[in-house]
Amino acid sequence: MKTSSSSRPQGSALASMAANVRGKTTLADHVTSVLAQQIRGGEFAPDARLPSEMELTERFAVSRTVIREAISRLKSEGLVGSRRGSGTVVLPVTQTTPFRLDLGGDDGRDSIQAVLRVIELRRGVEGEMAALAAQRRSKAQNQAIQLALQAIDAAAAAGRDGVQEDFAFHAAISNASHNPLYTSLVQFLSQFLHAAIRVARMNEARSSEFVQQVRAEHAALAAAISAGDADAARTAALLHMENSAKRIQAADKAFWASAEGQAAARDLARVKSGN
């Protein structure tokens with residue numbers, strides 16, 4: 001099913017629309033959003049063929065590279081797919097449509113608010129995951145958690161931000177829960193948090209109190225799991241997530257004015273746009 005001519009932005013209007021896309025969104029963001037809305041709104045029926053790449057470049061007044069990026073994103077969202085002889089077609093909505101988080105927003109500071117929502121979502125996940133890890137962990141998995149904790153300390157001693165080591169620590173706990181769905185969900189949520197945790201770590205480095213606080217939270221979590229104390233592990237995980245959010249919020253104006261803060265804001269904005 002093709003869109004009607006009256007529903008299509010035409011000529012100079014579309015060129016003007018493209019020209020107005022600046023820092024807040026990219027051209028690929030705009031094209032992806034418009035096509036996704038048309039598909040979800042029923043302007044393209046399931047199994048209908050999307051316009052060709054050339055038609056879309058003319059319709060949106062953008063390059064083929066932009067169109068290819070937009071189509072790639074639509075594929076990742078399970079909205080379209082490739083079919084031999086038909087090109088790109090609209091896929092029917094099924095239970096296998098990939099889950100995604102709609103974070104929205106415009107700039108680095110708004111991105112922080114979105115990341116805080118992800119941390120809030122992750123808080124409950126981490127709490128129950130830690131409790132299960134305390135109940136179910138094997139001796140080898142407990143050792144892996146303790147080694148991951150030591151790796152965070154080693155990263156800090158070497159002057160690194162320790163972001164990868166931090167995520168490895170939580171991944172070790174998810175493995176010890178003996179529920180692979182926790183591992184998958186934590187990995188999914190973590191993609192939205194790398195830049196935010198880097199912000200927290202850079203801000204923590206400005207305060208020895210923060211550094212000691214994070215170390216104590218990790219140690220308490222690891223100790224509770226090692227002791228097999230599910231309630232203590234849950235409490236430690238919830239407190240760690242709550243304090244993580246507070247540390248991200250604690251980044252002050254001086255931090256955001258610094259080169260590191262401006263780079264962090266750009267990283268957070270990229271999280272929001274999916275780039």
Filter result (in a helix (DSSP H, G or I), in contact (Cβ under 8 Å) with a residue 24 or more places away in the chain and small (Gly, Ala, Ser)) within the stretch 54-85: 70
Are any residues in the stretch 141-158 open to solvent by less than 70 Å² (accessible area, probe 1.4 Å) and either free of Cβ contacts under 8 Å to residues at least 40 places away in the same chain or small (Gly, Ala, Ser) (or both), and if so, which ones? 141, 144, 148, 151, 154, 155, 156, 158
So which helices (runs of 4 or more DSSP H) are wholly in the stretch 172-275 and hold at least 3 residues that are under 25 Å from residue 137 (Cα atoms) and at pLDDT 95 or above? 208-227, 230-249
Within the stretch 148-173, how many residues are farther than 14 Å from residue 221 by Cα and over 20 Å from the mean Cα position of the chain (by Cα)? 9
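Taking the stretch 121-140, which residues are open to solvent by 40 Å² or more (accessible area, probe 1.4 Å) and assigned to a helix (DSSP H, G or I)?
Quick first cut of the stretch 121-140, residues open to solvent by 40 Å² or more (accessible area, probe 1.4 Å) only: 121, 123-124, 128, 135-140.
Within the stretch 121-140, 121, 123, 124, 128, 135, 136, 139, 140 meet the criteria.
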Of the listed residues (68, 49, 83), the one being closer than 30 Å to residue 184 by Cα, of a type outside the set (S, T, N, Q) and at pLDDT 85 or above is 68
Within the stretch 31-46, restricting to residues that are in a loop (DSSP other than H, G, I, E, B) and farther than 14 Å from residue 81 by Cα, the one that is modelled with the highest pLDDT is 43
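The values are calculated or read from the model by the stated rules, or taken from the named source; none is laboratory data. For clarity, every value in this text was computed on a predicted model and none was experimentally measured. Positions of Cβ are backbone-derived with ideal geometry, glycine not excepted, and every protein chain shown enters the neighbour counts. The accessibility values were calculated without ligands, DNA or RNA, using every heavy atom of the protein model including side chains. Shrake-Rupley method; radii C 1.70, N 1.55, O 1.52, S 1.80 Å.
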